[in-house]
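Enquirer: For reference, the structure I am asking about is given below.
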Amino acid sequence: MTSHALDLEGACRVIKSMEVRGAEAIGLLAADALAVHLEQTSGSLEDVRVAAGIGARRLLETRPTAVTIRHGVRSVMAAVGAAPNAEAARAAAAAAAHQYREDVVQAQRDVVEHGAALLGTARTVLTHCHSSTVGHILVEAARRGAELRVFATETRPFQQGFITANALAEADIPVTLVVDSAAHRVLRDEGIDRVLVGADTIASDGSVYNKIGTAGVAALARLHKVPFYCASSRFKFTDQDPAAIPIEQRPAREIDPLQRLRAGVRVDNPVFDRTPAEYVSRIITEYGLLRPAEAARRCLGHLPAIEAPA
Ligand code: RUB
């Protein structure tokens, strides 16, 4: 599937359904989809701006925790806001989406470089969920000769651990899939020397919002004195008040697809959690390995100040 082929509603649908998932991918798709939507919007500059505002809101609603959608959408909105006429606004939106993609891809390359160097020659790693950033780090480290052994948690309820496990197997990296509740045993018994996860959002205090269960793995890593690393480019950082970062709730059927529960049983399905900064040894950024608060300061300092979408 090429993201460029999608209209706004199609993009919202595949992001919401998680056909396209992972913070980086959904931010890129959101920026592209908004630009394509504006290319298809005729009329005055005011018409383009109104369409941009409505489209931005639709995209932001799809997966509220991931700040990458906000960054992608804001890049396009800023370009539209600065344009003198409708035609220029449409062209600027397309250019901004393209630039956003280039910047995100380059930043991830740099993160991967630092991450692969961190892993060195031989490491046993535990990871949670599926992060494209972590996946690329592991593959690159192996390509450079690291004799990796990876444990991947299943990641209930959506089971993104299967994506991680299959991708690593495809790259000939020895990988073992475990259920989430095995994290304690694995950290205690399997000689894990690094935990490595991705991020959906990182707050200015350095706390990491990532797939539900990440905070538990981090607490267990602390218990077992295993360093816990998060791999993230600047495009995951936000200066929003941490208390205001929404945690996405997804439908109960993702936990109970066979509908075995009786009426009256409540299901709580928050799909991200917050790992406190003190549980995070270092964040692997494009600027190197940094302590969480320093990573936030550096990364936020390199993000353009862009007005929030209307
Ligand atoms: C995915 C998830 C990933 C981050 C980072 O959650 O939590 O760890 O998004 O991924 P979901 P990436 O499956 O609900 O989207 O490194 O690819 O940006």
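The values are calculated or read from the model by the stated rules, or taken from the named source; none is laboratory data. Predicted model, so just to flag it, every value in this text is computed and none were measured. Counting neighbours? That spans all protein chains shown, and the Cβs are built from the backbone with ideal geometry, glycine included. In case anyone asks, the SASA skips ligands and DNA or RNA and just uses the protein heavy atoms, side chains included. Shrake-Rupley method; radii C 1.70, N 1.55, O 1.52, S 1.80 Å.
Enquirer: Tally up the residues in the range 228-274 that are polar (S, T, N, Q) and open to solvent by 40 Å² or more (accessible area, probe 1.4 Å), please. Break it down stepwise before answering.
Expert: Step one: list which residues in the range 228-274 are polar (S, T, N, Q), which gives 232-233, 238, 240, 249, 259, 269.
Applying the additional criterion that residues be open to solvent by 40 Å² or more (accessible area, probe 1.4 Å) yields 240, 249, 259.
Residues in the range 228-274 being polar (S, T, N, Q) and open to solvent by 40 Å² or more (accessible area, probe 1.4 Å): 3 in total.
Enquirer: Further, regarding this structure: Answer yes or no: is there a residue in the range 254-276 that is charged (D, E, K, R), away from the ligand (no atom under 16 Å from the Cβ) and closer than 27 Å to Leu119 by Cβ.
Expert: Checking the range 254-276: not a single residue is charged (D, E, K, R), away from the ligand (no atom under 16 Å from the Cβ) and closer than 27 Å to Leu119 by Cβ.
Enquirer: Which one of the conditions (1) under 20 Å from Tyr209 (Cα atoms); (2) open to solvent by less than 10 Å² (accessible area, probe 1.4 Å); (3) of a type in the set (Val, Ile, Thr) does Val20 fail to meet, given that it meets all the rest?
Expert: (2)
Enquirer: Does Val73 satisfy being under 21 Å from Ile284 (Cα atoms) and open to solvent by less than 60 Å² (accessible area, probe 1.4 Å)?
Expert: No: the conditions fail for Val73.
Enquirer: Considering Thr68, Thr124, Thr133, Thr153, which residue is more than 26 Å from Ala30 (Cβ to Cβ), in contact with a Gly (Cβ under 6 Å, 6 or more places away or on another chain) and within 12 Å of the ligand (Cβ to nearest atom)?
Expert: Exactly one residue qualifies, and that residue is Thr153.
Matching residues to (1) away from the ligand (no atom under 16 Å from the Cβ); (2) within 30 Å of Gln249 (Cβ to Cβ); (3) crowded, with 18+ Cβ neighbours inside 10 Å; (4) not polar (S, T, N, Q):
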| position | (1), (2), (3), (4) |
| --- | --- |
| Ala93 | yes, no, yes, yes |
| Val112 | no, no, yes, yes |
| Ala117 | yes, no, no, yes |
| Gly120 | yes, no, no, yes |
| Leu138 | no, no, yes, yes |
| Thr164 | no, yes, yes, no |
| Glu170 | yes, no, no, yes |
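Enquirer: Something else about it: Which of the strands (runs of 3 or more DSSP E) found entirely inside the range 152-258 contain at least 2 residues meeting this: touching a Cys at 6+ places or on another chain (Cβ under 9 Å)?
Expert: 194-197, 208-211
Enquirer: Still on this model: Mind checking which pairs have a first residue in the range 29-51 that is open to solvent by less than 70 Å² (accessible area, probe 1.4 Å) and a second that is part of a helix (DSSP H, G or I) and of a type in the set (Phe, Trp, Tyr), Cβ under 7 Å, 6 or more apart or different chains?
Expert: As it stands, the answer is Ala31/Tyr100, since those pairs meet every condition given.
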